[in-house]
Structures are given as C-alpha cells and as structure tokens.
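Worksheet for the structure shown next.
The values are calculated or read from the model by the stated rules, or taken from the named source; none is laboratory data. Note that the structure is a prediction, hence the values are computed from the model and not measured. All Cβ positions, even for glycine, are placed from backbone atoms using ideal geometry, and neighbour counts span all protein chains on display. Side chains included, ligands, DNA and RNA excluded: accessible areas come from the protein's heavy atoms. Shrake-Rupley method; radii C 1.70, N 1.55, O 1.52, S 1.80 Å.
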Amino acid sequence: MTPSARLQAVIEIIEKMSEANVPMDTLVGDYMRVRRYIGAKDRAAIVDQTYRIARAWLRLDWWLQRLSATDTARNRVLIAMALLDKKPAPHIRDLCTGERHAPEPLEDSEATMLQAVQGEELDHADMPESVRVECPPHHVEALQVLFGPAFAAEMQAMQKTATLDLRVNTRMVNREKAQASLTQDSVETAPTPYAPNGLRVQAKVHLSQTKAFTKAWVDIQDEGSQMIAALCGARPGMQVLDFCAGAGGKTLALANDMQVKGRVVAMDTDAGRLGKARVRLRRAFVTDIIELRPLSEEQHRKWFKRQKGTFDVVLLDVPCSGTGTWRRNPDMRWRSFGPGLDSLMQTQAEILDKACVAVKPGGRLVYATCSLLRQENEDQVDAFLARHPDFAVLPVSQAWPSGSAMPAGQDPFMRFTPHRTGTDGFFAAVLQRREATPEEAAAE
C-alpha cells in the first residue's frame, strides 16, 4: 500500500467508529477481514495509527474545538498526523491527491487548520488536566477522589499500550522451562512481578507458532487477571465454582492451581461464549474436572438452586464498566456498548446475592471486576456485607499466594492499575463465610 492508501484506511476506520455501535477491536478486525489484500506491515501500521488516535481522542477534540474545525473523521486524522506524527502541512497535502485509494485533496479550511498547528505540541498548556490525561468527563470527579494526587499519573499510565502477559500451565511445565522454550523461538520474556506463574513478553510478537503456545504450555492472560484466580486459593480436591466464567480464562487458571484434581464448575449466562471455552479447556488437558453449565438453560438453573453450601470457592468476575481496560480498549472512554453503570451495579448486587448461597461455611467468595470505580468495587462489597452478615472480608494479605511479592496498598482489597502494578485495572475482594455454630449445623 502507498502511504496515501494507509491514510485513507485510517480515515475510513475512524469514520466507521462514529457509525457502528461495536467495540473498536471488532470494528478493525471486520475492516481487515474483507480486505485481505492489505499486507501484514500495512495492517500493523494502520492499526497502530488508529489506536494512537483513539488514545489521544479528548486532546484531539480540544484542538478541533480550539480551531473551530468541524469534528469529522477526516479532520481528526489529519490533525493527528500534524500533532502526533509531526508531519508538516505540505507532506500531508501531498498524500491527499484524490487518486485511487488516496484521500481527496485538502480543502482550504483543512489547509488552514493544519497550518495553525504547525510546531504545536499535542499537550497544550491551556488544556484542562482531565483532557490532557484523557479522562472521560463523566468519570473525572470519581477518579480524582479515588486517586488523589496520583490522578494524573494513574490516567497517563492508561494511555500506554498494554503488556502481553502469559500464564504458564505449571501442570505441564514449570515457568523456567516455558521461558526457555519461548527464548528458543525468539520470544523474550521476564517473570511477572506478582503472579507466580506469569511471564511478560518484552516486545510485539506472534505467539501462535511457538512451541510453548502450540503445546499449551502458556496461555495469554493479564497478570492482574491471574492474581484474581490466585486469590481464590484453589487447591487439589476442592469444589470450585466460576460463576461468571465467560470464555474460561480464570477457569483454566483455577484448574491449573488444583493440579486437575477436584471439581470446577464454569457457569455463564452467555452459552455461546461459554461454549468457546471448550476448545481452550481441551487444549490445556483439563476437561476431566471441569463442567460447563450455561445459565441460559433451565436444567442448569435448577441444578444451581440445589447447590446451597456446596463449594469451597465461588469466583464472581462480574460484568462491569470495564474502566480498568482503557489501555486495551481506548474507545471505551467515550463509547458504551452495554448497560449503563446503574444497571451494571444492580446486576452485580444480584449476582452476589444469588451466588453467595453456594459457598460452604468457611469457604471463600471472591468478588472481582476490571473496573476502577468505587461504586462497582468497595461500595458494592460494603453493601453486600450489610445484607449478608455471615460473610466477612478476608484481607488480601492473608489470601495472597505464598512466596509471591505483594505490591503496597493492597489490604484489605486488591487494587491493580497500570501505574501501580503495570497491569490492567483490576479489583478483587476475598469474602469468607463464617463457620456455622453447632446449633446452626444441627438445624441444617
């Protein structure tokens, strides 16, 4: 592809973002899927530029307003070339020829806009702090209160590209052997600072052809997500319920911690998504102890109602706002693809109330989100404890895996962020059900 054709592709993708109500990664994937003529290097360049624009969205908004320029996909991409890539106006003009696969020639207003930002920096001194750090207006107040003086640093860390973390299937190999195998395939990694079975890839790579990946020695999973599974304290022989299992990432981690001895039940309301977990589970050779029970089917809903006090561990990785994933999904800062916050909080409370009855006396209920917001995290836990006095918080320090480093400020709950821990944003609370008194046990 010519540079002009790449530029036009970025404009088309950004334009589709304003029209289609689908996440950015899905939209980009769909765009590329029907354009197989685009080579790997061109795809990488187009995707990289598109995501860079998405990560600078609010600042580009600010500049367009400052210059009284119309907020169009084309204007946004053109001004991004000037401010992000430092391309001079004549260079951008030469790319816009109107020839085959090239953008149309610059209009006078566009040329004036580009000339006005020559020599300017994307971050301008007149920008409000919340704009400079790309914090969505509707979350500014809550996140300023949450992070205090670290607000700017926390938000700026969310603008960086996410790391690629791997979880080692230690039932098959140890972390050192998996790392050595990846090195042989020219994939350099380092042990994750906190997750005992994690490796962090040091550069952009394609894992699919490596021996470690094809043999299921490693699985892709953010370190923060790995730590949520680790806080469950799952051990061989336990009965474990992953109630919001999704595609089975944490289900795999739990089965691995249990050395494929015991029982793991994976449930989810989305039968299709849960069905996709079968391939991952089969690939990792853990299907022997895992049951998939979609809640969309009446027989499994009836089964669950009979599970009072059955499980040693119940994990609830509940639906949430996803604010902790902004560095992976920058478009989620200003676009919503599901229920609003109030609806999500109601769903979270309902899941907590429904699933907690399955926890044995003395067992653990692990509540987790990939959200930064207190409303979905600490406030949700406090409200649950007020409704269920038979549960109490087990401080994270007591649930943390032995021998693993624990970052500061994690008690009583786990709070990971890109700035603090180099992971996505995650929250986890470990809630323990108190043991039954002799009288209660007799009544049961």
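Give the residue, chosen from Ala54, Ala73, Ala69, that is modelled with pLDDT of 95 or more, closer than 25 Å to Val205 by Cα and open to solvent by less than 50 Å² (accessible area, probe 1.4 Å).
Working: Ala73 fails: closer than 25 Å to Val205 by Cα; Ala69 fails: closer than 25 Å to Val205 by Cα.
The conditions single out Ala54.
For region 281-300, which positions are in contact with a Leu (Cβ under 6 Å, 6 or more places away or on another chain) and under 30 Å from Leu373 (Cβ atoms)? Before the answer, list the steps.
Quick first cut of region 281-300, residues in contact with a Leu (Cβ under 6 Å, 6 or more places away or on another chain) only: 284, 287, 290, 292, 294.
Residue satisfying the conditions is Pro294 alone.
In region 348-383, which residues are under 21 Å from Ala399 (Cα atoms), touching a strand residue (DSSP E or B) at 6+ places or on another chain (Cβ under 7 Å) and in a helix (DSSP H, G or I)?
The answer is Leu352, Ala355, Cys356, Ala358, Val381.
Give the residues of region 220-253 that are within 23 Å of Thr189 (Cα to Cα) and hydrophobic (A, V, I, L, M, F, W, C), sorted by residue number.
Looking only at region 220-253, we keep the residues that are within 23 Å of Thr189 (Cα to Cα), and these are 220-230, 249-250, 252-253.
Ile220, Met227, Ile228, Ala229, Ala230, Leu252, Ala253, listed by residue number.
Would you be able to say whether some residue in region 368-382 is farther than 27 Å from Asp25 by Cα and without any contact (Cβ under 8 Å) to a residue 12 or more places away in the chain?
Yes, the conditions are met somewhere in region 368-382.
Scan region 391-411 and give yes if some residue there is under 27 Å from Gln221 (Cβ atoms), in contact with a Pro (Cβ under 6 Å, 6 or more places away or on another chain) and open to solvent by 60 Å² or more (accessible area, probe 1.4 Å), otherwise no.
yes
Does Gln209 count as under 24 Å from Gly309 (Cα atoms), in a loop (DSSP other than H, G, I, E, B), open to solvent by 60 Å² or more (accessible area, probe 1.4 Å) and of a type in the set (S, T, N, Q)? Step through it out loud before you land on a result.
Details: under 24 Å from Gly309 (Cα atoms): no; in a loop (DSSP other than H, G, I, E, B): yes; open to solvent by 60 Å² or more (accessible area, probe 1.4 Å): yes; of a type in the set (S, T, N, Q): yes.
Answer is no for this residue.
What's the total number of residues in region 351-389 that are open to solvent by less than 40 Å² (accessible area, probe 1.4 Å) and of a type outside the set (A, V, I, L, M, F, W, C)?
Selection size over region 351-389: 10.
Look through region 176-206, keep the residues that are basic (Lys, Arg) and out of contact with any Ser or Thr (no Cβ under 8 Å at 6 or more places or on another chain), and return whichever of them is surrounded by the fewest Cβ atoms within 10 Å (Cβ to Cβ).
To start, the set of residues in region 176-206 that are basic (Lys, Arg) comprises 177, 200, 204.
Narrowing the set further to residues that are out of contact with any Ser or Thr (no Cβ under 8 Å at 6 or more places or on another chain) leaves 177, 204.
Working: Lys177: 14, Lys204: 9.
Out of the qualifying residues, it is Lys204.
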